[in-house]
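Working notes, beginning with the structure itself.
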């Protein structure tokens, strides 16, 4: 995910500079391999956000027990897979 940040910022900056460059980035991201890479980046970001919310809840005292930790980690994995599937359906 860390390696995707420079590409994402470059694409954002280029797409906001003019309509022609936006169309160029749009064309570049319309291929199958590009969609796969975009899906991987978004799936990693979604998992990262879900796991971050779990840690925030644990900081608030929710799910700090052994059973709560196990349940929380299972929920993070389930929600991460569900969000990856949803993002895949949305992109394709």
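The values are calculated or read from the model by the stated rules, or taken from the named source; none is laboratory data. Just so it is clear, the structure is predicted and the values come from calculations on it, not from any experiment. No Cβ is skipped: glycine too gets one built from the backbone with ideal geometry, and neighbour counts run over all protein chains shown.
Okay, here's what the table says:
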quantity: Sole exception among (1) assigned by TED's automatic domain parsing to the domain that holds residue 87; (2) farther than 18 Å from residue 87 by Cα; (3) without any contact (Cβ under 8 Å) to a residue 12 or more places away in the chain for residue 36, by number; calculated: (2)
quantity: Check on residue 4, under 25 Å from residue 89 (Cβ atoms), outside the structural domain of residue 89 (by TED's automatic domain parsing) and within 12 Å of the chain's Cα centre (by Cα); calculated: yes
quantity: Residue 63, sole failed condition from (1) in contact with a helix residue (DSSP H, G or I) (Cβ under 9 Å, 6 or more places away or on another chain); (2) exposed (fewer than 13 other Cβ atoms within 10 Å of the Cβ); (3) not in a helix (DSSP H, G or I); calculated: (2)
quantity: In segment 25-50, residue farthest from the chain's Cα centre (by Cα) [restricted to those that are at pLDDT below 95, farther than 14 Å from residue 4 by Cα and surrounded by fewer than 14 Cβ atoms within 10 Å (Cβ to Cβ)]; calculated: 27
